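Working notes for the structure below.
None of the figures in this text is laboratory data; all of them are computed from the coordinates on show. On a predicted model such as this, the values are computed, not experimentally measured, just so you know. So basically every Cβ, Gly included, is an ideal-geometry build from the backbone, and we count neighbours across all protein chains shown.
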Ligand code: CTP
Ligand code: CA
């Protein structure tokens, strides 16, 4: 049989991936966001599709094409991203790569805010929902594998271990963004953090991180009929 006839290691599985930043509107022309190119998340969605999964990618605003063979849902804000994720369930594997804005302004201004008057705008912030923790803590319809990412600038593994416990996910992919070049770049140095321990990978192309991560998850995931 040709490669195309061979079921991939994720055949029969639905994989959900979040990617990119979220944008939290301040007014119609301004927003709060995290830095994120979406490269790593989009590469993971493509790798999961190549492994035979049905893939839903929930993406914030990015300058990337939708990956081939992946159902891509475009969202702006964290609240929209959570709603799209919940609408896409059930999934067997959920991978939360998005750099979700932690805060949004309490009240979005309906018209463009103007500088005139001299007073600075009071930007009262409220916390956004934690999409990963919301899904990982579901008692009903939780995916078999819930994977988080943690971009850290210091104490990378220790912060990731704390996040793993706090959010209730199965694995955190921790990466060191303290140096230059990771944000928006094509390479990534990651550590796979689970309650059992830490597996550190060499610096790899984001596409290679994606392929290896998908292979790793395929070995962990309960098998399903294709
Ligand atoms: N995440 C999420 N929803 C949020 C914030 C984070 O789904 N509102 C997910 C990210 O997609 C990532 C993981 O949680 O998979 C860790 O994100 P991170 O920003 O590192 O964690 P926080 O808990 O927001 O902690 P920090 O104070 O370091 O930003
Ligand atoms: Ca955060």
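For the listed peptides 170-177, 33-40, a ranking on the average number of other beta carbons within 10 Å per residue, highest first, reads 170-177, 33-40. Rounded to the nearest 10 degrees, the angle from helix 206-220 to the longest Cα principal axis of the chain is 60 degrees. Computed log10 I(q)/I(0) for the chain at 0.15 Å⁻¹: -0.99, from the Debye equation with unit scatterers placed on every C-alpha and solvent omitted. Ordering 137-148, 71-82 by mean Cβ neighbour count within 10 Å, with the highest value first, yields 71-82, 137-148. Please label the shape of the stretch 114-217 as rounded, prolate or oblate, based on the square roots a ≥ b ≥ c of the eigenvalues of the alpha-carbon gyration tensor (a/c under 1.5 means rounded; beyond that, a/b larger than b/c means prolate, else oblate). Judged from the Cα gyration tensor, the stretch 114-217 comes out oblate (a/c at least 1.5, b/c at or above a/b).
The mean sequence distance of close C-alpha pairs (under 8 Å, at least 6 residues apart), as a share of the length of the stretch 142-206, puts its relative contact order at 29 percent.
Axis of helix 78-88 versus longest Cα principal axis of the chain: the two differ by about 30°, to the nearest ten degrees. Computed from Cα positions, the angle between helix 156-167 and the longest principal axis of the chain comes to roughly 90 degrees.
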